[in-house]
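The structure appears right after this line, and notes come after that.
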Ligand code: SF4
């Protein structure tokens, strides 16, 4: 979402005749687009701001601005945390950025007014990724999972006009993008007038010259049968779904306010695999949520064994000030959270390797994105089910679709042999 917002912000500034530079030494303004989802993300950006602030001694007019969720969450306090920050702009106020950065003096300026109807209509971001265009379809979230800061920073859920979304995808397609990802905190609850998410997927699937369609993030309580049906029937929708499970224990899911049981989650996986037998499923898991007993943790462990995700993003619970779970009194000690996390990582590594090895001998379509990091004789691309695959080939294949036969699996990378 932040990548997408950064692209939109660039567009807002360019429309105002400002210029984006890749060379930090040239910049008159530094904007830090921040994430609050975990404490670690906030600590890192504060470190980065401190490092870059020394530039002010060489360039007196350099302005430093903080935008994004951390700006929304901390507002004025950011000026106290780091005196070098000139302005703090919340997530609904990006249209004011040109005005703010051109003020002669912006010292200690903060604008974080919430606007729960802002969807940044009529702004068509520059999709700076070479091959994949991220298109935001909705903003905010109404779910209030008890561990999550997002509803407090990004505000209430609102969907963009579907015609605007289609226009943006068509624009991206006309610029040569073949792979589109629809974005939102909870895409399954997209609704604009009579267009729901299933209908929106159908409409995007109709757009010529788009070859691959993906979407994140899905919520298990809102992933409807009609969306699963459209996924199975639409040739452009890729065989990959990221579906956060968070826990394999229903009582913990209840305390997280997730709105589904483990059995419900398991049922969705069965439906998805019935409709799309080759679908890759990835997930997010939080371990050490307040009150999680050893038994409840084992339920998550066993759920991961049962479902066999292709990949899992596993996290230790990180208390976020202002959320309900941060006030729970039965917080789990750090060493137990770490121990549980390591167990899950180890298990998932084995499952991922097994999943990747099962692809050996299959023919896969790749969208070739770049030269491989390890060897300039090799190229890297993604399969439809989102697996990075490297193969030997000439660089003029970058940006093209090729067929490869999978010959090996090393860690989280497949190795292929070009056949077409
Ligand atoms: S669905 Fe839950 S975890 Fe996801 S953004 Fe909304 S509140 Fe956060």
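Results, tabulated for the structure shown:
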quantity	calculated
Verdict on residue 218 being touching a helix residue (DSSP H, G or I) at 6+ places or on another chain (Cβ under 6 Å), surrounded by fewer than 17 Cβ atoms within 10 Å (Cβ to Cβ) and at negative phi	no
Qualifying residue in the stretch 112-122 (condition: more than 16 Å from the ligand (Cβ to nearest atom), farther than 16 Å from residue 8 by Cα, surrounded by fewer than 18 Cβ atoms within 10 Å (Cβ to Cβ) and free of Cβ contacts under 8 Å to residues at least 40 places away in the same chain)	yes
Check on residue 45, free of Cβ contacts under 8 Å to residues at least 40 places away in the same chain, touching a helix residue (DSSP H, G or I) at 6+ places or on another chain (Cβ under 8 Å), closer than 27 Å to residue 147 by Cβ and buried (at least 16 other Cβ atoms within 10 Å of the Cβ)	yes
Test for residue 201: is it within 16 Å of the ligand (Cβ to nearest atom) and either over 30 Å from residue 337 (Cβ atoms) or not assigned by TED's automatic domain parsing to the domain that holds residue 173 (or both)	no
Filter pass, residue 259 being outside any helix (DSSP H, G or I), assigned by TED's automatic domain parsing to the domain that holds residue 304, more than 16 Å from the ligand (Cβ to nearest atom) and farther than 19 Å from residue 200 by Cα	no
Looking only at the stretch 128-143, and only at residues there that are in a loop (DSSP other than H, G, I, E, B) and under 15 Å from the mean Cα position of the chain (by Cα), the one that is farthest from the ligand (Cβ to nearest atom)	129
Boolean, residue 91 is assigned by TED's automatic domain parsing to the domain that holds residue 53 and over 30 Å from residue 251 (Cβ atoms)	yes
Residue match in the stretch 103-110 (condition: modelled with pLDDT under 90 and either within 16 Å of the ligand (Cβ to nearest atom) or surrounded by 15 or more Cβ atoms within 10 Å (Cβ to Cβ) (or both))	yes
Residues (surrounded by fewer than 20 Cβ atoms within 10 Å (Cβ to Cβ) and either within 16 Å of the ligand (Cβ to nearest atom) or not in a loop (DSSP other than H, G, I, E, B) (or both)) located in the stretch 169-178	170, 171, 173, 174
Failed item in (1) crowded, with 20+ Cβ neighbours inside 10 Å; (2) part of a helix (DSSP H, G or I), with residue 409 passing the rest	(2)
Filtered residues of the stretch 144-168 (kept if in a helix (DSSP H, G or I), in contact with a helix residue (DSSP H, G or I) (Cβ under 9 Å, 6 or more places away or on another chain) and within 11 Å of the ligand (Cβ to nearest atom))	150, 152, 153, 154
When residues of the stretch 183-195 are limited to those that are out of contact with any helix residue (DSSP H, G or I) (no Cβ under 7 Å at 6 or more places or on another chain) and in contact (Cβ under 8 Å) with a residue 12 or more places away in the chain, the one surrounded by the most Cβ atoms within 10 Å (Cβ to Cβ)	184
Count of the stretch 323-346 residues which are part of a helix (DSSP H, G or I), surrounded by 18 or more Cβ atoms within 10 Å (Cβ to Cβ) and in contact with a helix residue (DSSP H, G or I) (Cβ under 9 Å, 6 or more places away or on another chain)	3
Scan of the stretch 371-390 for residues that are touching a helix residue (DSSP H, G or I) at 6+ places or on another chain (Cβ under 9 Å) and within 20 Å of residue 212 (Cβ to Cβ), ordered by number	379, 381, 387
Hey, residue 317 over 21 Å from residue 351 (Cβ atoms) and touching a strand residue (DSSP E or B) at 6+ places or on another chain (Cβ under 6 Å) or not	yes
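The values are calculated or read from the model by the stated rules, or taken from the named source; none is laboratory data. Since we're looking at a predicted model, the values are computed, not measured. Heads up, the Cβs are rebuilt from the backbone with ideal geometry, glycines too, and the neighbour counts pull from every protein chain shown.
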